[in-house]
1. With unit charges on the beta carbon (Lys/Arg positive, Asp/Glu negative), name the residue among B:Asn125, B:Gln12, B:Leu109 whose Cα is farthest towards the positive pole of the charge dipole of region B:1-152.
2. Under a no-solvent Debye model with one identical scatterer per Cα of region B:1-88, what's log10 I(q)/I(0) at q = 0.25 Å⁻¹?
3. Name the long-range amide H neighbours of A:Trp149: under 5 Å, sequence gap of 5 or more, or other chain; modelled H, no Pro or chain starts.
4. Using alpha carbons only, how many angstrom separate the centre of region A:17-94 from the centre of region A:166-242?
5. Remind me, relative contact order of chain B in percent, using alpha carbon pairs under 8 angstrom and six or more residues apart?
6. Tell me the relative contact order for region A:108-242 as a rounded percent, counting alpha carbon contacts under 8 Å between residues six or more apart.
7. Top mean-square fluctuation among B:Gly215, B:Gly97, B:Gly145, Gaussian network model of chain B, C-alpha springs under 10 Å?
8. Determine ³J(HN,Hα), in whole Hz, for all residues of region A:57-68 in sequence, where each value follows from phi through the Karplus function 6.51 cos²θ - 1.76 cosθ + 1.60 and θ = phi - 60°; x replaces Gly and Pro.
Amino acid sequence: MTNNTDYRISDIMTCAISNMLQDNETVFHGVSSHLPMVAMKLAKSMHAPDLVHLNIPGGVNPGSIQHSSYSSAGAELLGTGEAYFPLQEVFDLSMRGKLDVAFLGGIQFDINGNVNASVIGNYHKPKVRLPGGAGSAVLIPTAKKAIIWRTKHDKRTFVEKVDFTTTRGNLWRIVTPLCVFEFRHGKLHLESIHPTSSLEEVQENTGFELIYDKLKYTSLPTKQELQMLKKIDPHDYRSIEF
Amino acid sequence: MKKLKSLKDAIQIINDGDMVSFGGNVLHRAPMAAVREIARQNKKNLRLVKTAGAQDIDLLCAMGCVESVDAGFVSYESKYGLANHYRKGVQSGTIKGNEHACYTVICALRGASMNVPFMPVKGLNAGDLLVENDYFVVVEDPFSGEPVTLVKSLVPDVAIIHVQECDEKGNAIIYGPKFEDTLLSRAAKKVIITAEQIVPETKTKLNAERVDIPGFLVDSVVHVPKGAAPSSCYKKYDIDDKSISSFIGMKTKEEMLAYLKSYEVKDYIGERMGRR
């Protein structure tokens with residue numbers, strides 16, 4: 001499918017993530033997480049009005065995410081929120097099994113659901129020291145659904161075997177600029193391909209053999225979704241990582 | 001004893017080799033004036049602790065003050081990219097990068113606040129962090145027989161927390177997100193508060209239930225307006241984009257010394273202003 005000028009990859013990813021979120025779910029995002037933050041706000045504005053938006057500064061259900069250009073952990077989220085529920089309590093909530101969805105990052109992933117956000121090379125003398133997994137190592141095992149998003153999809157990201165396992169197991173979905181993976185029965189399965197990409201392109205950019213039952217395509221953003229995105233994210237923070 | 005001190009005097013209580021922890025989170029309310037003073041005083045072999053840090057950790061790594069960093073995440077946010085001085089230090093082997101899961105730093109500080117040697121942590125039950133780090137141990141729960149992960153408590157020698165308001169006794173009020181700062185004030189052996197404003201005790205007394213850190217836990221109080229800059233300070237100022245960007249671009253020690261020098265007047269201005 002050819003490029004359509006009405007939407008971009010960041011819009012497809014944001015809408016795909018938004019559609020994974022359900023009403024009444026408790027959902028958390030951390031730092032450097034503009035795209036999921038916008039997706040949460042989109043879901044809340046469209047089909048999930050009672051979704052509970054949790055974040056690091058501790059603002060429950062922030063009313064606005066428009067002034068957070070450089071940070072998804074700024075005070076605005078609390079200043080426009082309805083209650084204070086800070087990070088340490090979000091972690092405790094997840095440990096009690098009451099966090100429905102957590103958004104996490106990572107640099108390398110393999111077919112067995114191993115996630116690396118720590119190092120390239122040896123842990124004690126790394127070739128590249130990465131920022132670290134932040135909450136991943138405790139949230140991926142405890143949140144009901146862990147969603148990973150990554151704005152790069154290449155053979156250095158989706159590898160045969162990760163250099164280091166920051167955490168593993170209990171992933172739910174990985175959303176990339178090309179496709180959505182689902183983790184089931186211990187393996188990453190190709191869940192859907194964005195209509196802007198193709199099976200060939202996904203395979204060419206993935207370091208392991210793709211597993212899929214039947215080919216599905218990710219839903220494209222609807223007109224209503226795109227209109228709402230303009231309203232809730234006028235400064236296009238969802239595209240910061242692109 | 002008088003707690004209100006100059007920035008220089010307050011930072012002098014930090015010894016080489018101390019475990020030091022900073023308040024705030026990534027680009028927000030980090031006690032940057034104190035961090036710059038630590039660098040000016042050329043402290044060595046510090047063991048830094050923070051759930052998620054950015055320029056605080058990066059600057060001290062750049063200036064050769066750091067032996068190890070215990071943190072869940074060390075990076076600027078998306079727009080600014082990675083903490084390159086920290087990275088280089090860990091990659092060259094001069095700094096030990098002890099990766100945590102943010103929550104394990106919180107649990108390790110909770111352990112310190114309760115004066116127990118370790119804390120059980122749920123969630124951390126798979127992967128290489130457990131294998132490679134000696135501060136995580138999996139043992140058998142003596143009650144259920146199930147495996148349980150323990151994290152060794154982290155007891156900072158000194159915690160430095162920047163707040164909007166503090167009185168001369170050290171009663172400190174944080175506006176906006178508190179991050180892990182109140183916990184940190186209970187976990188550390190000594191607490192230094194740097195404050196935008198030194199307010200009269202009568203004012204904190206009127207808002208006693210708003211005091212986040214009671215003065216009896218505090219050893220030093222320093223008046224440093226703009227003491228979190230270039231990170232943000234809620235209700236006071238937003239980040240200083242230019243300063244952060246220019247620092248990230250710096251390569252040589254000379255550039256960084258000049259950067260520290262450029263903040264000297266601002267960092268020491270509180271001493272001359274007195275109480276406001």
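Derivation of every value follows stated rules applied to the coordinates shown; laboratory data play no part. This one's a predicted model, so the numbers in the text were calculated from it and none came from an experiment. Using ideal geometry, Cβ is built from the backbone for each residue, glycine included, and neighbour counts are taken over all protein chains shown.
1. Of B:Asn125, B:Gln12, B:Leu109, it is B:Gln12.
2. -1.31
3. A:Leu104, A:Val175
4. 21 Å
5. Once divided by the residue count of chain B, the mean separation gives 21 percent.
6. Rounded, it is 23 percent for region A:108-242.
7. Maximum among the listed residues: B:Gly145.
8. x, x, x, 6, 6, x, x, 9, 10, 8, 10, 9
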